[in-house]
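The structure appears below as structure tokens.
Bear in mind these aren't lab numbers, they're just calculated from the coordinates by the rules spelled out. On a predicted model such as this, the values are computed, not experimentally measured, just so you know. Heads up, the Cβs are rebuilt from the backbone with ideal geometry, glycines too, and the neighbour counts pull from every protein chain shown.
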Amino acid sequence: MDDADKADLYRLVRGWVLTPGYPTQTLVKECIQDAHLGRPDGYLVTNDNQWMFRQYRNSVSPNADQLVREALAYEEVTNAND
């Protein structure tokens, strides 16, 4: 998975986790796991972006917890360097 695709995925996941009124981290993780199994929820994971979740699973880790942790940490590091 290249860095640009990973950054897009991290921003997407981070937005869902941190935006008030969106699902909790637990529900986001369930949506990611469902995406790994080929069942996009249609909101976070759609037919148009499911490839990013699968690419992450195949090239980085199948662990949804890890994706959420990395997504949250990614923006913090990026903002600290601005």
Original post:
Cα atoms only, the range 1-67: Rg and Dmax in Å?
Top reply: 10.8, 31
**OP:** Please get the size of the charge dipole for the chain, origin at its Cα centre, with Cβ charges of +1 on Lys and Arg and -1 on Asp and Glu, quoted in debye to the nearest 20.
**Re:** 240 debye
Subject >> Simple label model, 7 Å out from Cα along Cβ direction - Asp3 to Leu72, nm >> reply: 2.5 nm
**OP:** Round to the nearest 0.05 the FRET efficiency obtained for Asn63 and Tyr43 when R0 = 22 Å and r is the Cβ-Cβ distance.
**Re:** 0.55
